[in-house]
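The values are calculated or read from the model by the stated rules, or taken from the named source; none is laboratory data. What you are looking at is a predicted structure, and each value in this text was computed from that prediction instead of being measured. Every residue, glycine as well, gets a Cβ built from its backbone with ideal geometry; the counts of neighbours run over all protein chains shown.
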Amino acid sequence: MRNWALRISVGLVLCGGAPVASAEICALPPGERAVVSSAVDGETLALDDGREVRLLGVQAPAPPPDWEGPDPWPFAAQAKQALAAQVEGATVELRFDTRRQDRHGHVLAHVFLDRDGKQVWVQEALVAKGLARVAALPDLGACLGHLLAVEARARTDRRGLWHSLTYQVRDAHDPKRLGHLRHTYQLVEGTVHGIGEGRKLVYVNFAEDWRSDFTVTITRKRLPVMEAAGLDLASLPGKRIRVRGWVEWWNGPMIAISHPEEIEVLDAPSSSSLDAG
């Protein structure tokens with residue numbers, strides 16, 4: 001196998017000791033201005049021109065599609081309230097990645113606004129409060145590195161959703177429990193057993209029996225992106241990593257990733273945050 005590298009920039013961005021403006025941290029080209037009428041949920045805005053904006057780079061708390069529980073889903077209401085408090089009635093700037101719209105017609109954007117003389121990056125503010133997790137769409141990965149650093153601090157401080165067992169980091173070596181989490185967005189940690197290769201996919205396996213273990217898949221067409229970011233898949237066996245994404249089922253629980261930021265190499269297990277069963 002070729003040498004695919006991992007280097008994730010998650011440090012705070014500073015310049016001469018002073019914090020850099022949010023729009024410089026998320027250095028996308030200037031976009032368009034719009035007025036927000038309301039927050040639809042924790043990651044979606046309704047604009048006064050009738051369009052809806054989905055916040056890029058984050059996943060707000062929300063129940064699974066088939067959930068029918070009687071109680072409110074943990075932190076879903078708080079995330080919506082926090083978003084509404086920031087943006088309802090405000091004029092915001094929408095900054096775009098390589099694609100501006102999803103198949104449902106939502107505008108896809110990073111959202112900025114000025115408040116009290118300071119620039120607010122809406123995604124960063126939500127992640128910092130523990131009211132959203134970092135998440136990427138397959139071909140849209142701008143600005144994830146800084147958001148990961150913000151999320152790490154919120155998780156360490158157990159802010160917001162990180163204080164709830166619903167959002168705990170899951171154990172990659174418990175495929176049975178992961179199997180019950182299909183169609184949900186999860187963070188999963190474990191020690192890599194080996195790397196497998198297929199015609200279209202590369203597999204990161206977490207046990208010898210790849211037919212039932214937890215597996216991470218990467219399409220071969222995304223390997224150059226991983227390589228450019230420094231991701232060395234061949235070096236992963238024996239290392240503990242954290243991955244994030246939607247859990248599906250294919251010969252056991254599986255997460256498909258497309259961005260290097262969706263894999264983090266860990267120095268040691270995060271026992272305080274792992275699903276203890």
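A few notes on this one:
- For segment 192-203, the condition of being without any contact (Cβ under 8 Å) to a residue 24 or more places away in the chain, within 21 Å of the chain's Cα centre (by Cα) and part of a strand (DSSP E or B) holds for at least one residue.
- When 188, 127 are screened for being more than 15 Å from residue 59 (Cα to Cα) and surrounded by 19 or more Cβ atoms within 10 Å (Cβ to Cβ), only 188 passes.
- Residues in segment 240-256 that are surrounded by fewer than 19 Cβ atoms within 10 Å (Cβ to Cβ) and over 21 Å from the mean Cα position of the chain (by Cα): 2 in all.
- Among the numbered conditions (1) loosely packed, with under 14 Cβ neighbours inside 10 Å; (2) over 21 Å from the mean Cα position of the chain (by Cα); (3) not in a loop (DSSP other than H, G, I, E, B), the only one that residue 224 does not meet is (2).
- As for segment 41-48, it holds at least one residue that is within 23 Å of residue 158 (Cβ to Cβ) and surrounded by 16 or more Cβ atoms within 10 Å (Cβ to Cβ).
- Subset of segment 144-166 that is among the small types (Gly, Ala, Ser) and part of a helix (DSSP H, G or I) - its residue that is surrounded by the fewest Cβ atoms within 10 Å (Cβ to Cβ): 152
- Qualifying positions in segment 166-216 - β-branched (Val, Ile, Thr) and touching a Phe, Trp or Tyr at 6+ places or on another chain (Cβ under 6 Å): 215
- Among the residues examined, residue 71 does not qualify as surrounded by fewer than 16 Cβ atoms within 10 Å (Cβ to Cβ) and either farther than 24 Å from residue 183 by Cα or touching a His at 6+ places or on another chain (Cβ under 8 Å) (or both).
- Residue among 178, 161, 148 that alone is under 15 Å from the mean Cα position of the chain (by Cα), under 30 Å from residue 210 (Cβ atoms) and not charged (D, E, K, R): 148
- Residues that are surrounded by fewer than 14 Cβ atoms within 10 Å (Cβ to Cβ) and touching a residue at least 24 places away in the same chain (Cβ under 8 Å), drawn from segment 53-68: 64, 65, 66
- Test: residue in segment 50-60 that is farther than 26 Å from residue 161 by Cβ and modelled with pLDDT of 95 or more: yes
- Residues being in a loop (DSSP other than H, G, I, E, B) and buried (at least 17 other Cβ atoms within 10 Å of the Cβ) - total across segment 91-122: 3
- Identity of the residue in segment 38-59, in contact with a helix residue (DSSP H, G or I) (Cβ under 9 Å, 6 or more places away or on another chain) and not in a loop (DSSP other than H, G, I, E, B), that ends up nearest to residue 141 (Cα to Cα): 58
- Qualifying residue in segment 75-88 (condition: at positive phi, of a type in the set (Gly, Ala, Ser), exposed (fewer than 13 other Cβ atoms within 10 Å of the Cβ) and at pLDDT 95 or above): no
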